[in-house]
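See below for the structure under consideration.
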Amino acid sequence: MLRWSLLACLLVTVAPAASASSTVVATNALFPTKVTQRLNAELTAIIKRNNLPSVAVGVLVPGKGTYRFAGGLANLRTRLPRTLDQPFRIASVTKPFAATAILVLVDRGLLRKTDTIAKWYPSFPNANRITIDDLLRMRSGIPAPNDDEVLAQVYDAPLAPAPSLHVELASYARLGHRFEPPNTRGVYTDFNYEILAGIAERVTGKGIGQLITETVIVPLRLRSTWYPSGTEIPSPLRGYGWNTATKRFDDKTLFNPPLAGAAGALVSDAADLLAFSRVLCLGGLLEPQTQRERMVGEPLAGTHASYGEGVATGGGVCGHSGTINGFSTDMYYFQKFNASLVISVNRLDRDNEGRTTPILALMTKTIRGELKQN
């Protein structure tokens, strides 16, 4: 039965989401009524214009109120509406969780950010120069693979077994001639966080999922956040990718978590991410000095953002975005307005182009235009 259900989910195709925009639920205690009406209408239009199965948006300003929007369909086959309490894969928004777990180990004296990876992987290129801090900040100098090619492979084979860290270390080591000196340039690559997860396990004997649970999820009482152990997510929400050949959506929900690991395996929901974004950017789990240091960003190649220790910063905003088979996610905190924003779209295609971009632009403009600075 399990094998049949997996195969059925993999092969199912569903029609375009053109009619999904008719299902909309929104609540508001934050913006003026006219602003809310405009937002609801514009978000609904974005769903239809961009052929998105569904969109969920949450804005939280403690003491002032919230704005919540859910539009479209969580499941295109059953026509189940999207709601805000449906968990989804958060992709690279996992990295702030993983980085926080690593920094908790630093605060406990089990790691030092100046430790080099030579303590655990002495034969790796530049092992005596690459530090924990370099890995956290994407400044290790390890050459980034062609992300589009790698992600396309994962997109096509989401249930394939993940290579071991030992195998990946050997594969990257063969690219030693392409390594850059550590701490000279920020280049985003997931492998930095795979090494961090390996080091954390060597130090504590616990996998990164258990560490995130013990150091972040449980202390913050996040009720809908977890590191999955199976290929399914216990949520009625499905993730989709547009099939250009069939002109229909493929169900892309099933995924083997180790393929993403510390760089992108977590599942969460809007409420938990709204809460976590504030702790990520303001502190609460780390020593004050550790928190201040993590927020110091360095330029990240190919972007307009800076990158700290597992967090993107710039323009008074901090947080992270993520894409993974079937899902696109944004989680940001706006410092001047004490406002947290979470966006979830249950679509990601083979091209790995995030589907939250027009929504993020709209919500950023609204937050900056309608909320008073603290």
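In the distance distribution for region 267-339, Cα-Cα pairs more than 19 Å apart total 36 percent. When you restrict to C-alpha pairs under 8 Å that are six or more residues apart and normalise by the size of the chain, the relative contact order lands at 23 percent. Spread over its residues, the convex hull of the C-alpha atoms of region 215-326 is 146 Å³ per residue.
The Kirkwood hydrodynamic radius of region 142-183, based on inverse pair distances between different Cα atoms, is 11.9 Å. Diffusion of region 186-266 by Stokes-Einstein, at 4 °C in a medium of 1.567 mPa s and with Rh set to the Kirkwood radius over alpha-carbon pairs, works out to 88 µm²/s.
Projecting label points 7 angstrom from Cα along Cα→Cβ for Arg79 and Leu282 puts them 4.3 nm apart.
Remark: C-alpha extents of region 330-374 on the principal axes read 41, 15, 13 Å, sorted largest to smallest.
Here the 3J(HN,Hα) profile of region 84-98, calculated from phi with Karplus coefficients 6.51, -1.76 and 1.60 at θ = phi - 60°, is 7, 9, 8, x, 9, 6, 9, 6, 5, 5, 4, 4, x, 5, 5 Hz, Gly and Pro shown as x. Derived value for region 40-124: Kirkwood hydrodynamic radius 16.9 Å. Basis is the mean of 1/r over every pair of different alpha-carbon atoms. In the chain, helices alone account for a calculated mean residue ellipticity at 222 nm of -9500 deg cm²/dmol, with every DSSP H run of four or more residues adding -39,500 (n - 2.57). Potential lengthening of the chain between Ala41 and Lys247 amounts to 71.5 nm, from the contour at 0.36 nm per residue minus the alpha-carbon distance.
Here Asp115 and Ala29 are evaluated by their C-beta separation; at R0 = 51 Å the FRET efficiency comes out at 0.65. With a Förster radius of 22 Å applied to the beta-carbon distance between Val296 and Lys336, the computed FRET efficiency rounds to 0.75. Set the Förster radius R0 to 30 Å, insert the Cβ-Cβ distance between Lys64 and Thr303 as r into 1/(1 + (r/R0)^6), and round the FRET efficiency to 0.05. It comes to 0.45. A quarter of the convex hull surface defined by the alpha-carbon atoms of region 220-276 gives 5.1 nm² as the mean projection. Each 5 Å bin from zero up to the one holding the largest Cα-Cα distance in region 69-204 carries the following percent of pairs: 2, 9, 16, 20, 17, 13, 9, 6, 5, 4, 1, 0.
Average accessible surface for the chain: 43 Å² per residue, computed with a 1.4 Å probe over protein heavy atoms with every protein chain in place.
Here, P(r) means the percent of Cα pairs in each 20 Å bin from 0 to the largest distance; for the chain it is 30, 58, 12, 0. Counting pairwise Cα distances across region 280-321, what percent come out greater than 15 angstrom? Percent of Cα pairs beyond 15 Å in region 280-321: 34. The 1.4 Å probe gives accessible areas that order Leu371, Leu80, largest first, as Leu80, Leu371. With kT/(6 pi eta Rh) evaluated at 37 °C and eta = 0.692 mPa s, and Rh the Kirkwood radius from Cα pairs, region 32-83 diffuses with a coefficient of 274 µm²/s according to Stokes-Einstein.
The listed peptides 46-55, 353-362, ordered by packing as a protection proxy, come out as 46-55, 353-362 (highest mean of other Cβ atoms within 10 Å first).
The values are calculated or read from the model by the stated rules, or taken from the named source; none is laboratory data. Computed from a predicted model, the values in this text were never measured in an experiment. Don't worry about glycine lacking a Cβ; one is built from the backbone with ideal geometry, like all the others, and counts go over all protein chains shown. These area figures cover heavy atoms from the full protein model, side chains too; ligands, DNA and RNA do not enter into them. Shrake-Rupley method; radii C 1.70, N 1.55, O 1.52, S 1.80 Å.
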